[in-house]
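First comes the structure, then the notes that go with it.
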Amino acid sequence: MTETNERDFADVDADADVDADADADVDVDVDVLVVGGGVAGLSAALTLSRARRSVLVVDSGEPRNAPADGVHGYLSREGLAPGELLRIGREEVTGYGGRIVSDRVTDVRRVGERFVVRTEGGRSHGARRLLVTTGLVDGLPDVPGLRERWGRDVLHCPYCHGWEVRDEPIGVLATGPMAVHQALLFRQWSPDVTLFLHTQGDLTDEQWEQLGARGIAVVDGEVVGLDVEADRLSGVRLASGSEIPVRALAVAPRFEARGAILAGLGLASVDHPMGVGRYVESDATGFTGVPGVWAAGNVTDLMAGVVVSAATGMTAGAAINADLVAADTTAAVAARRALTAFSPAVEAANSRQVLGVRRHGIESVLADEEARRRAARG
């Protein structure tokens, strides 16, 4: 545990038995272990390190936004390369004493009051609290060539990429109930938007009216491929053989939280209420309902952009620290109560806390007597 302020009870060590149930062969034992070193995990690690907690981040090095050329909508970091943002974050965390290792977590289990985390590299780490920030996997439509363009000119979020494709011909691939909504959103960035119905069923009368009113074209037929020229998307190919020119294609992935490692703790991902994928449930602080386990970032908020993920990491970090403070206090109170009621240590500590410099004892009695004598002598 990171060093804390000096205790009032010098003879009391509230944490003396804290590791009694943990594996003896752990490589590192910390207050908090963070699984995942993206912006959510690093933000939490920074918050906790600054709170003087010992923190270990285990990161497999698979950031979701790696294909993107820059981070957008992040105040003061607009356009910064995703890898550079993470580099800065790692430096900040380690600057406050946090540790970051490159490895993949393969198993998490509870041992007594602690967690033991095992990794692909054969290491074992112990922790009092666990934060999962493993993000999500984008399940993309099965269209040849689409995955290779993902994060470049095959997009999903207009707030992340809309400005970069403004005024260009934009296609929207219908794969779910949010397709019309997505097309209406991208219409804000370009007057040239085409909705490809692909494998989606027919639209409602209201949707046809909305698309017509906004000048959004609708194309029937399944999309079977993409046209690329000079490493840039140039068009969409239909099963009929038709080719429609576009410079960007918006899709709606199915979001799947990377939460499999939590299975050993009885925690599984669940269907999202909006039908967009599966996520790990948590409250507003990231607490999962499993004692000692928090989640932050896209693993629990499928829609979160980079800046939101960073905010959830800070929120979770503060909540974890508060939980540890409560546990430390409970342990200290229990240790204090376990002492002999009238031992010298307890008496001395009580005197310091309650009376301060006026504490009782022979020295104070003699001092009071001397003061009275001086007063009597005038």
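The values are calculated or read from the model by the stated rules, or taken from the named source; none is laboratory data. What you see is a predicted model, and the numbers here were worked out from it, not measured in a lab. Neighbour counts run over all protein chains shown; Cβ positions are idealised from the backbone, glycine included. Only protein heavy atoms, including side chains, enter the accessible area calculation; ligands, DNA and RNA are left aside. Shrake-Rupley method; radii C 1.70, N 1.55, O 1.52, S 1.80 Å.
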**Request:** Enumerate the strands (runs of 3 or more DSSP E) found wholly within the stretch 170-284, keeping only those where 2 or more residues are under 30 Å from Trp294 (Cβ atoms).
**Result:** 254-257, 277-279
**Asked** Tally time: how many residues in the stretch 135-150 are among the β-branched types (Val, Ile, Thr) and either open to solvent by 30 Å² or more (accessible area, probe 1.4 Å) or part of a strand (DSSP E or B) (or both)?
**Response** 1
**Message:** For a quick check of your reading of the model, give me the residue pairs whose first member lies in the stretch 138-157 and is touching a residue at least 24 places away in the same chain (Cβ under 8 Å), whose second is open to solvent by less than 20 Å² (accessible area, probe 1.4 Å) and not aliphatic (A, V, I, L, M), with beta-carbon atoms closer than 7 Å and at least 6 apart or on different chains.
**Reply:** Asp138/Pro253; Asp138/Phe255; Gly139/Pro253; Leu140/Pro253; Val143/Gly225; Pro144/Gly225; Gly145/Gly225; His156/Pro253
**Residue ID - most open to solvent (accessible area, probe 1.4 Å), chosen from residues in the stretch 69-93 that are of a type in the set (Val, Ile, Thr) and out of contact with any strand residue (DSSP E or B) (no Cβ under 7 Å at 6 or more places or on another chain)** = Ile88
**Asked** So Gln200 clears everything in (1) open to solvent by 30 Å² or more (accessible area, probe 1.4 Å); (2) more than 15 Å from Val165 (Cβ to Cβ); (3) modelled with pLDDT of 95 or more except one condition, right? Which one?
**Response** (3)
**Message:** Can you find, within the stretch 203-237, the residue that is nearest to Glu164 (Cα to Cα) among those that are free of Cβ contacts under 8 Å to residues at least 24 places away in the same chain and buried (at least 17 other Cβ atoms within 10 Å of the Cβ)?
**Reply:** Gly235
**Item:** Every pair of residues 6+ apart whose Cβ atoms lie under 9 Å, when the first sits in the stretch 33-52 and is open to solvent by 30 Å² or more (accessible area, probe 1.4 Å) and among the basic types (Lys, Arg) while the second is outside any strand (DSSP E or B) and at pLDDT below 95
**Value:** Arg52/Thr2; Arg52/Glu3; Arg52/Thr4
**Asked** Restricting the search to the stretch 95-119, which residues are surrounded by fewer than 16 Cβ atoms within 10 Å (Cβ to Cβ) and without any contact (Cβ under 8 Å) to a residue 24 or more places away in the chain?
**Response** Gly95
**Asked** Out of all the residues in the stretch 280-303, which are on the phi > 0 side of the Ramachandran plot and either in contact with a helix residue (DSSP H, G or I) (Cβ under 6 Å, 6 or more places away or on another chain) or open to solvent by less than 50 Å² (accessible area, probe 1.4 Å) (or both)?
**Response** Gly286, Gly292, Gly297
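Of the residues that make up the stretch 107-125, is at least one of a type in the set (Ser, Thr, Tyr), closer than 30 Å to Ala327 by Cβ, in a strand (DSSP E or B) and in contact with an Asp or Glu (Cβ under 9 Å, 6 or more places away or on another chain)? Before you say what the answer is, go through the steps one by one.
Taking the stretch 107-125 as the starting set, the residues that turn out to be of a type in the set (Ser, Thr, Tyr) are 119, 124.
Filter again for closer than 30 Å to Ala327 by Cβ, leaving 119, 124.
Now restrict to residues that are in a strand (DSSP E or B): 119, 124.
In the following step, the residues that additionally are in contact with an Asp or Glu (Cβ under 9 Å, 6 or more places away or on another chain) were identified as 119, 124.
Among the residues of the stretch 107-125, at least one is of a type in the set (Ser, Thr, Tyr), closer than 30 Å to Ala327 by Cβ, in a strand (DSSP E or B) and in contact with an Asp or Glu (Cβ under 9 Å, 6 or more places away or on another chain), which makes the answer yes.
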**Item:** Single residue of Gly73, Gly36 found to be at positive phi and more than 15 Å from the chain's Cα centre (by Cα)
**Value:** Gly73
**Message:** Can you tell me which condition His125 does not meet? The list is (1) open to solvent by less than 40 Å² (accessible area, probe 1.4 Å); (2) modelled with pLDDT under 95, and all the others hold.
**Reply:** (2)
**Request:** Would you tally the residues in the stretch 298-315 being touching a Ser or Thr at 6+ places or on another chain (Cβ under 9 Å) and either among the aliphatic types (A, V, I, L, M) or farther than 18 Å from Gly139 by Cβ (or both)?
**Result:** 9
